[in-house]
Amino acid sequence: MSDTSYQERRGQIEHYFDRTAASAWAKLTSDAPVGRIRATVRAGRDQMRATLLSWLPADLHGKRILDAGCGTGALAVEAARRGAEVVGIDLSPTLVDLARTRLPAELAHRIDLRSGDMLDASLGHFDHVVAMDSIIHYQTDDAVSALAQLAQRTSGTIVFTFAPRTPLLAAMISVGRLFPRGDRAPWLEPMAEVKIASLMAANPALAGWQCGRTQRVSSGFYKSQAMEWARP
């Protein structure tokens, strides 16, 4: 991983979600009415979250889960409902504070929400890691390196999403770059499924890990692909 490029992009992401887009993100992740385009994004995210959760064991009692890039905490809550002990971490303190206000009281003791870097080794070891839409702004090499670091502290599976490299997504990103920098999210970095799989297979830290299920979700402006890696 290029530490400089990772840290620079991490700073851009933190600034965007903690300041520029915090209120919009709060609305998107609620039940509040939204416009047609954002409604498709909300539906796509709901479908993707359900997909990733379906790849985890139905009974998570005794399991420790890392929700890497937890946002407002929806996935963390669902994992806790299954009995998991969840650490949810996000770069945006504003979103983490919002997530705390949304925690069901009966599950609060199972969910530890923090603001910070998902690669922080002090978070400890986990049975499963879920990284939904949290590596989509990084270049492929940096994303794979981040996943490899997480793998060193994970005993079961890592399930994550990436932006699939398609002509339509490339066009959408090009249009997005016409907006003023202060009004747009950090650029997505589309990844080819074959490339990310081959880079992960070649990474020494992922030796022994195997690629499992993949699934693409396409809902209006939300285009994302899930991938599962597991220890045999």
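Read-outs throughout are calculated quantities, based only on the coordinates presented, and are distinct from any laboratory measurement. The shown structure was predicted, so the numbers you read here are calculated from the model rather than taken from an experiment. Methodologically, a virtual Cβ is constructed for each residue, glycine included, from the backbone with ideal geometry; neighbour enumeration extends over all protein chains shown.
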Q) Over the range 85-149, what relative contact order in percent results from Cα pairs under 8 Å that are six or more residues apart? A) 35
Q. Rounded to the nearest 0.05, what FRET efficiency do Arg231 and Asp120 have when you use their Cβ-Cβ distance and R0 = 25 Å?
A. 0.70
Q: Would you give the gap between the C-alpha center of the range 120-158 and the C-alpha center of the range 63-79, rounded to a whole Å?
A: 13
Q: Show me 47-60, 77-90 ranked by packing, highest mean number of other Cβ atoms within 10 Å first.
A: 77-90, 47-60
(Q) Can you compute the FRET efficiency between Asp97 and Ala201 using 1/(1 + (r/R0)^6), with r the Cβ-Cβ distance and R0 = 45 Å? Round to the nearest 0.05. (A) 0.70
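What is the gain in length, in nm to one decimal, between Cys211 and Val34 on full extension, counting 0.36 nm per residue of separation less the C-alpha to C-alpha distance?
Working it through step by step, the gained length comes to 60.1 nm.
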**Q.** Highest-first arrangement of 213-219, 31-37, 101-107, where packing means the average Cβ count within 10 Å
**A.** 213-219, 101-107, 31-37
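Answer rounded, prolate or oblate for the range 60-112, using the Cα gyration tensor with square roots of eigenvalues a ≥ b ≥ c: rounded when a/c is under 1.5, else prolate when a/b is larger than b/c, else oblate.
The shape class here is oblate.
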Q | Proxy reagent accessibility, fewest Cβ within 10 Å first, across Arg64, Arg114 | A | Arg114, Arg64
Q: May I ask you to list the lysines whose Cα is less than 24 Å away from that of Lys195, ignoring any residue fewer than eight positions away on the same chain?
A: Lys223
**Q.** Phe126 long-range amide H proximity, modeled H, under 5 Å
**A.** Thr154, Ser155
Q: Go ahead and collect, in residue order, the members of the range 102-145 whose backbone nitrogen is under 11 Å from a label point 7 Å along the Cα-Cβ direction of Ser155.
A: 125-128
